[in-house]
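These notes concern the structure reproduced below.
Coordinate-derived values only; no laboratory data. Keep in mind it's a predicted model, so treat the numbers as computed, not measured. Please note: Cβ atoms are built from the backbone with ideal geometry, for glycine as well, and neighbour counts cover all protein chains shown.
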Amino acid sequence: MDGARGSSGIGFGLQAFTRPPGASPLPRIARGEGIWLIDTEGNRYLDASSGPVASNLGHGHPRILAAMEAQARQAVFAYPSQFESAANLEFAERLARLAGPGFDRAFIVSGGSEAVESAIKFARQHAVVTGQASRWKVIGRQPGYHGNTLGALAVSGDEHAHEIFGPLMRAVPRVPAPLGYRLPPNHTVESHARACAAALEEAILREGPDTVLAFIMEPVGGLATGALVAPDSYYEAVRQICTRHGVKLIFDEVMSGAGRTGRFLAADHWPAARPDIAVLAKGLSAGYAPLGAALVSEEMVRVVAAAGGFMHGFTYNAHVMSCAVGAAVLREVEEADLVGNAARMGDLLRQRLEALAAKSPLIGDIRGKGLLMAVELVADKQSKQMIPLEKVAPERVKQLALRHGLALYCRRTSRGAYGDWLMLSPPLTITPDEIDILAERLGAVLDDYASELRAEGVLR
């Protein structure tokens, strides 16, 4: 008897909240080995997205498992207001060293949403204790995503989510993200990016510069924008605007950080645009434990600590086991040169995707950096026409991918208003041979979907 199944066939797990009654159950995970996930039927799936862009080291990594076991035999939990832990100190030191100047201190939490909330609240408290209590507004981008807690969701740009949860949140200003595939009339990629930066300054002036606390953005986009990378000039303009008006610049690197883009921080690609605060999670622990961090300067921390300390925290702040995992992950990232591998394999992945795009009628755009890549799906390349929204293309592609032994991360955002895309973000440990397998299976998936769409009259 399978005691985990309910009458709907989905069971009593999390999927009962997310999948409609009567939906077929998803494969049940049995184990993971490297970049492969194996279900209870023995089927093997190449993890082409590192889950939700989290499993940077793949699955079952022996050195991470050894670190977990060693820490578990010592102490798993000790509350940081009562005890200091060697794991916390090692993790924070390694993280600060890899992140570089200006990110000397890490406020350690359990994930991305908590880290974003912590970054915003820290910026606010710093403003208050430095005589800038009028600053409280955080400007976000449309589209954009920064988490699912109310504060993080408030600064995200997803119309659908705001229709549902908006009454629970305080509205914040949002400015356009510099999307580069479908451009407004009479714009180039560069001119549109300049216009988006100008819109930020206009928003600051409209709201009143002395009321604006921060501007938050993903330097390389995640699911909300499909690995968006703006022209270099955009990042420098944003930095100059924020500096000019005393606004803190926050980079949300929950997906792009920890080496995924071929630099430890995506911010490192634009040294002239370094943010005041950086937020990391996901790959920071490579999926082996809940972990996130808000990185700030030692100077900012000293000011807040001297004024009585940061008025914020969670039960699992700087969790001992999670910190031990994080330290082991960062050690492996350094010793195995996984940041360098992300850059090299990212170049190879882009080549393979470009070859697929030359053959597939469905790939309209390829974008990203390193191993944070995305392909945009279209019904017509020339016109950039989207696949009809009622087809829910991301979900269908995800289903077909499982049939071909490929686990993809794709979820419609903003009801598909800005397009549909697939995230391609395999573990940083991936090899050239595994890149080839990924591309071959993705090609088969897209071929199957193109055949379906032709049969339905969507493709000619």
**Message:** Considering only C-alpha atoms, what is the centroid distance from the stretch 333-371 to the stretch 436-460, in Å?
**Reply:** 20
**Fill in**
In nm², the average projected area of the convex hull spanned by the Cα atoms of the stretch 129-191 is 6.5
**Item:** Note, ³J(HN,Hα) from phi for the stretch 224-236, Karplus 6.51, -1.76, 1.60, rounded to Hz, x at Gly and Pro
**Value:** 5, 10, x, 6, 4, 10, 7, x, 3, 4, 5, 5, 5
**Asked** Does the stretch 251-310 come out rounded, prolate or oblate, given a ≥ b ≥ c as the square roots of the eigenvalues of its C-alpha gyration tensor, rounded meaning a/c under 1.5 and, failing that, prolate meaning a/b above b/c?
**Response** oblate
**Item:** Value in Å of the Kirkwood radius, where the stretch 323-460 supplies the Cα pairs that are averaged
**Value:** 15.9
**Request:** Starting from the Cα gyration tensor of the stretch 325-386, take the square roots of the eigenvalues, sort them a ≥ b ≥ c, and report rounded, prolate or oblate (rounded when a/c is under 1.5, otherwise prolate if a/b is larger than b/c, else oblate).
**Result:** prolate
**Request:** Rank the residues Asp448, Asp47 as a footprinting-exposure proxy: fewest other Cβ atoms within 10 Å of their Cβ go first.
**Result:** Asp448, Asp47
**Request:** Order by neighbour count: Met217, Met68, fewest other Cβ atoms within 10 Å first, most last.
**Result:** Met68, Met217
**Fill in**
Taking Rh as the Kirkwood radius computed over alpha-carbon pairs of the stretch 270-393 and applying Stokes-Einstein at 10 °C with viscosity 1.306 mPa s, one gets a diffusion coefficient in µm² s⁻¹ of 85
**Message:** For the chain, report the % of Cα-Cα distances exceeding 34 Å.
**Reply:** 33
**Asked** With a 10 Å Cβ neighbour count serving as the proxy for reagent exposure, in which order, fewest first, do Arg239, Arg141 appear?
**Response** Arg239, Arg141
**Prompt:** Where does the chain land at 222 nm, in deg cm²/dmol rounded to the nearest 500, when only DSSP H runs of n ≥ 4 count, each adding -39500 (n - 2.57), divided by all residues?
**Reply:** -12000 deg cm²/dmol
**Asked** Just the projected area, averaged over all directions, of the convex hull on the alpha carbon atoms of the stretch 65-335: how many nm²?
**Response** 14.6
**Request:** Evaluate the relative contact order of the stretch 351-396 (contact order divided by residue number), counting alpha-carbon pairs under 8 angstrom at least 6 apart; express in whole percent.
**Result:** 25
**Fill in**
Once the mean of 1/r over all distinct C-alpha pairs in the stretch 1-157 is inverted, the Kirkwood radius in Å reads 20.1
**Fill in**
Applying the gyration tensor rule to the Cα atoms of the stretch 214-255 (axes a ≥ b ≥ c; rounded if a/c under 1.5, else prolate if a/b exceeds b/c, else oblate), the class is oblate
**Asked** For labels at Asp347 and Val76 in the simple 7 Å Cα→Cβ model, what's the distance in nm?
**Response** 4.5
**Message:** Explain nothing, just the number: relative contact order of the chain, from Cα pairs under 8 Å at least 6 residues apart, as a whole percent.
**Reply:** 21
